[in-house]
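Visitor: This is the structure I have questions about; it appears just below.
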Amino acid sequence: LQANSVALVAEEVHRRTVEQVWVEGFSGAGKTNFAARLAHGLSWRHIECDALVVQGRDSSRYADHIDRDRVGSLTAGAGNRAVIEGVCLQEVLSKPAAPSDVLTIYIARVSRPIPGRYIWHDVLDVEPADAPWLFDDVKRYHREVRPHEHADFLFLRLE
(Lines give C-alpha, C1' and ligand atoms only; values in the text may rest on other atoms or scores of the structure.)
Protein backbone atom coordinates (compact mmCIF):
# COMPACT_ATOMS: atom_id res chain seq x y z
CA LEU A 1 0.00 0.00 0.00
CA GLN A 2 1.25 3.43 -0.90
CA ALA A 3 -0.06 6.94 -0.42
CA ASN A 4 -1.55 6.94 -3.93
CA SER A 5 -3.21 3.48 -3.71
CA VAL A 6 -6.69 4.90 -3.02
CA ALA A 7 -6.37 7.35 -5.92
CA LEU A 8 -5.19 4.54 -8.22
CA VAL A 9 -8.25 2.43 -7.39
CA ALA A 10 -10.60 5.43 -7.68
CA GLU A 11 -9.29 6.08 -11.20
CA GLU A 12 -9.96 2.46 -12.16
CA VAL A 13 -13.48 2.64 -10.64
CA HIS A 14 -14.28 5.62 -12.84
CA ARG A 15 -12.63 4.10 -15.92
CA ARG A 16 -14.57 0.83 -15.61
CA THR A 17 -17.79 2.41 -14.24
CA VAL A 18 -18.20 -0.27 -11.59
CA GLU A 19 -21.03 -0.26 -9.04
CA GLN A 20 -19.20 -1.88 -6.13
CA VAL A 21 -15.69 -2.37 -4.80
CA TRP A 22 -14.99 -5.42 -2.67
CA VAL A 23 -12.01 -5.22 -0.29
CA GLU A 24 -10.81 -8.50 1.21
CA GLY A 25 -7.96 -9.57 3.45
CA PHE A 26 -7.30 -11.18 6.80
CA SER A 27 -8.17 -9.34 10.03
CA GLY A 28 -5.62 -6.62 10.69
CA ALA A 29 -4.46 -6.32 7.07
CA GLY A 30 -5.77 -2.75 6.75
CA LYS A 31 -8.89 -3.34 4.69
CA THR A 32 -11.25 -1.27 6.88
CA ASN A 33 -9.02 1.79 6.77
CA PHE A 34 -8.46 1.45 3.03
CA ALA A 35 -12.16 0.85 2.30
CA ALA A 36 -13.24 3.84 4.40
CA ARG A 37 -10.77 6.14 2.64
CA LEU A 38 -11.82 4.85 -0.79
CA ALA A 39 -15.54 5.20 -0.02
CA HIS A 40 -14.98 8.73 1.24
CA GLY A 41 -12.98 9.64 -1.86
CA LEU A 42 -15.68 8.24 -4.16
CA SER A 43 -18.56 9.62 -2.04
CA TRP A 44 -19.90 6.07 -1.84
CA ARG A 45 -21.30 4.05 1.05
CA HIS A 46 -18.80 2.03 3.12
CA ILE A 47 -20.15 -1.32 4.32
CA GLU A 48 -18.11 -3.13 6.96
CA CYS A 49 -19.28 -6.75 7.16
CA ASP A 50 -17.97 -7.22 10.70
CA ALA A 51 -20.48 -4.56 11.80
CA LEU A 52 -23.30 -6.75 10.44
CA VAL A 53 -22.54 -9.87 12.48
CA VAL A 54 -25.60 -11.41 14.13
CA GLN A 55 -24.81 -12.91 17.52
CA GLY A 56 -25.96 -16.35 18.63
CA ARG A 57 -25.94 -18.19 15.33
CA ASP A 58 -24.65 -21.75 15.50
CA SER A 59 -22.39 -22.18 12.49
CA SER A 60 -18.70 -22.58 11.78
CA ARG A 61 -19.00 -20.42 8.64
CA TYR A 62 -18.39 -16.68 8.92
CA ALA A 63 -20.89 -15.91 6.15
CA ASP A 64 -23.68 -17.52 8.20
CA HIS A 65 -23.10 -14.96 10.98
CA ILE A 66 -23.71 -11.95 8.71
CA ASP A 67 -27.12 -10.30 8.44
CA ARG A 68 -27.43 -10.86 4.69
CA ASP A 69 -30.81 -9.11 4.52
CA ARG A 70 -29.12 -5.98 5.86
CA VAL A 71 -26.25 -6.35 3.37
CA GLY A 72 -28.80 -6.74 0.58
CA SER A 73 -30.73 -3.65 1.63
CA LEU A 74 -27.51 -1.63 1.83
CA THR A 75 -26.38 -2.68 -1.64
CA ALA A 76 -29.72 -2.81 -3.49
CA GLY A 77 -30.92 -0.38 -6.09
CA ALA A 78 -29.51 1.54 -8.97
CA GLY A 79 -26.98 4.16 -8.03
CA ASN A 80 -26.43 2.59 -4.62
CA ARG A 81 -22.68 2.33 -5.00
CA ALA A 82 -20.70 0.83 -2.15
CA VAL A 83 -17.26 -0.19 -0.99
CA ILE A 84 -17.81 -3.47 0.86
CA GLU A 85 -15.07 -4.92 3.02
CA GLY A 86 -14.65 -8.06 5.05
CA VAL A 87 -13.49 -11.64 4.97
CA CYS A 88 -15.08 -14.39 2.89
CA LEU A 89 -16.88 -11.79 0.76
CA GLN A 90 -17.88 -14.09 -2.07
CA GLU A 91 -19.74 -16.24 0.45
CA VAL A 92 -21.12 -13.30 2.44
CA LEU A 93 -22.50 -11.75 -0.75
CA SER A 94 -23.66 -15.18 -2.04
CA LYS A 95 -21.79 -14.83 -5.31
CA PRO A 96 -19.35 -17.46 -6.56
CA ALA A 97 -17.25 -14.78 -8.24
CA ALA A 98 -17.25 -11.02 -8.48
CA PRO A 99 -19.60 -9.87 -11.24
CA SER A 100 -18.29 -7.63 -14.01
CA ASP A 101 -19.60 -4.47 -12.32
CA VAL A 102 -17.44 -5.15 -9.24
CA LEU A 103 -13.79 -4.24 -8.72
CA THR A 104 -11.99 -6.54 -6.26
CA ILE A 105 -9.08 -5.64 -4.00
CA TYR A 106 -7.04 -7.91 -1.78
CA ILE A 107 -4.81 -6.50 0.97
CA ALA A 108 -2.10 -8.74 2.45
CA ARG A 109 0.11 -7.85 5.41
CA VAL A 110 3.68 -8.85 4.53
CA SER A 111 7.33 -8.21 5.27
CA ARG A 112 10.28 -8.40 2.90
CA PRO A 113 13.20 -10.19 4.57
CA ILE A 114 15.25 -10.10 1.36
CA PRO A 115 14.64 -8.40 -2.00
CA GLY A 116 12.07 -10.25 -4.09
CA ARG A 117 10.81 -12.42 -1.18
CA TYR A 118 7.82 -11.81 1.06
CA ILE A 119 6.48 -13.38 4.21
CA TRP A 120 2.68 -13.31 4.37
CA HIS A 121 2.07 -12.57 8.05
CA ASP A 122 -1.71 -12.80 7.94
CA VAL A 123 -1.51 -16.56 7.63
CA LEU A 124 1.17 -16.84 10.33
CA ASP A 125 0.18 -14.28 12.98
CA VAL A 126 -3.57 -14.75 13.45
CA GLU A 127 -4.34 -15.93 16.94
CA PRO A 128 -6.78 -18.81 16.57
CA ALA A 129 -7.52 -18.71 20.30
CA ASP A 130 -9.43 -15.43 19.78
CA ALA A 131 -12.01 -17.05 17.50
CA PRO A 132 -10.93 -20.52 16.38
CA TRP A 133 -14.03 -21.11 14.22
CA LEU A 134 -13.42 -17.84 12.37
CA PHE A 135 -9.72 -18.53 11.85
CA ASP A 136 -10.48 -22.00 10.49
CA ASP A 137 -13.21 -20.72 8.17
CA VAL A 138 -11.07 -17.88 6.79
CA LYS A 139 -8.26 -20.38 6.09
CA ARG A 140 -10.75 -22.71 4.37
CA TYR A 141 -12.10 -19.83 2.27
CA HIS A 142 -8.59 -18.85 1.16
CA ARG A 143 -7.76 -22.45 0.21
CA GLU A 144 -10.99 -22.89 -1.78
CA VAL A 145 -11.71 -19.45 -3.26
CA ARG A 146 -8.18 -17.97 -3.35
CA PRO A 147 -9.35 -14.33 -3.42
CA HIS A 148 -5.77 -13.09 -3.31
CA GLU A 149 -5.09 -14.74 -6.68
CA HIS A 150 -8.15 -13.40 -8.47
CA ALA A 151 -8.33 -9.79 -7.28
CA ASP A 152 -8.18 -6.88 -9.70
CA PHE A 153 -5.72 -5.21 -7.30
CA LEU A 154 -3.39 -6.93 -4.86
CA PHE A 155 -1.88 -4.54 -2.34
CA LEU A 156 0.91 -5.58 -0.02
CA ARG A 157 1.05 -3.76 3.29
CA LEU A 158 4.71 -3.94 4.24
CA GLU A 159 5.55 -4.17 7.92
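The values are calculated or read from the model by the stated rules, or taken from the named source; none is laboratory data. Note that this is a predicted model, so its numbers are computed, not measured. Here the Cβ is made from the backbone with ideal geometry for all residues, glycine too, and neighbour counts use every protein chain on show. These area figures cover heavy atoms from the full protein model, side chains too; ligands, DNA and RNA do not enter into them. Shrake-Rupley method; radii C 1.70, N 1.55, O 1.52, S 1.80 Å.
Visitor: Inside the stretch 47-70, can you point out the residues that are buried (at least 18 other Cβ atoms within 10 Å of the Cβ) and over 17 Å from Val83 (Cα atoms)?
Guide: Selection gives Tyr62, Ala63, His65.
Visitor: Give the residue that is farthest from His14 (Cα to Cα), with candidates limited to residues of the stretch 67-98 that are β-branched (Val, Ile, Thr) and part of a helix (DSSP H, G or I).
Guide: Here the answer is Val92.
Visitor: Out of the stretch 30-46, which residues are in contact (Cβ under 8 Å) with a residue 60 or more places away in the chain and open to solvent by 50 Å² or more (accessible area, probe 1.4 Å)?
Guide: none
Visitor: Is it true that some residue in the stretch 130-147 is within 13 Å of Ser27 (Cβ to Cβ), open to solvent by 60 Å² or more (accessible area, probe 1.4 Å) and modelled with pLDDT of 90 or more?
Guide: Taking every residue of the stretch 130-147 in turn, none turns out to be within 13 Å of Ser27 (Cβ to Cβ), open to solvent by 60 Å² or more (accessible area, probe 1.4 Å) and modelled with pLDDT of 90 or more.
Visitor: Looking at (1) surrounded by fewer than 21 Cβ atoms within 10 Å (Cβ to Cβ); (2) not in a helix (DSSP H, G or I), find the lone condition where Ala10 falls short.
Guide: Of (1) surrounded by fewer than 21 Cβ atoms within 10 Å (Cβ to Cβ); (2) not in a helix (DSSP H, G or I), only one is false for Ala10: (2).
Visitor: If only one of Ser27, Ser100 is among the polar types (S, T, N, Q), exposed (fewer than 13 other Cβ atoms within 10 Å of the Cβ) and farther than 14 Å from Ala151 by Cβ, which one is it?
Guide: Among Ser27, Ser100, only Ser100 is among the polar types (S, T, N, Q), exposed (fewer than 13 other Cβ atoms within 10 Å of the Cβ) and farther than 14 Å from Ala151 by Cβ.
Visitor: For Tyr106, work out the one condition from (1) at pLDDT below 80; (2) buried (at least 18 other Cβ atoms within 10 Å of the Cβ) it doesn't fulfil.
Guide: It is condition (1) that Tyr106 fails.
Visitor: How many residues are assigned to a helix (DSSP H, G or I) and farther than 13 Å from Arg70 by Cβ when one looks only at the stretch 32-51?
Guide: Residues in the stretch 32-51 being assigned to a helix (DSSP H, G or I) and farther than 13 Å from Arg70 by Cβ: 11 in total.
Visitor: Does the stretch 114-129 contain any residue that is within 24 Å of Asn4 (Cβ to Cβ), open to solvent by less than 40 Å² (accessible area, probe 1.4 Å), in a helix (DSSP H, G or I) and at pLDDT below 90?
Guide: Yes.
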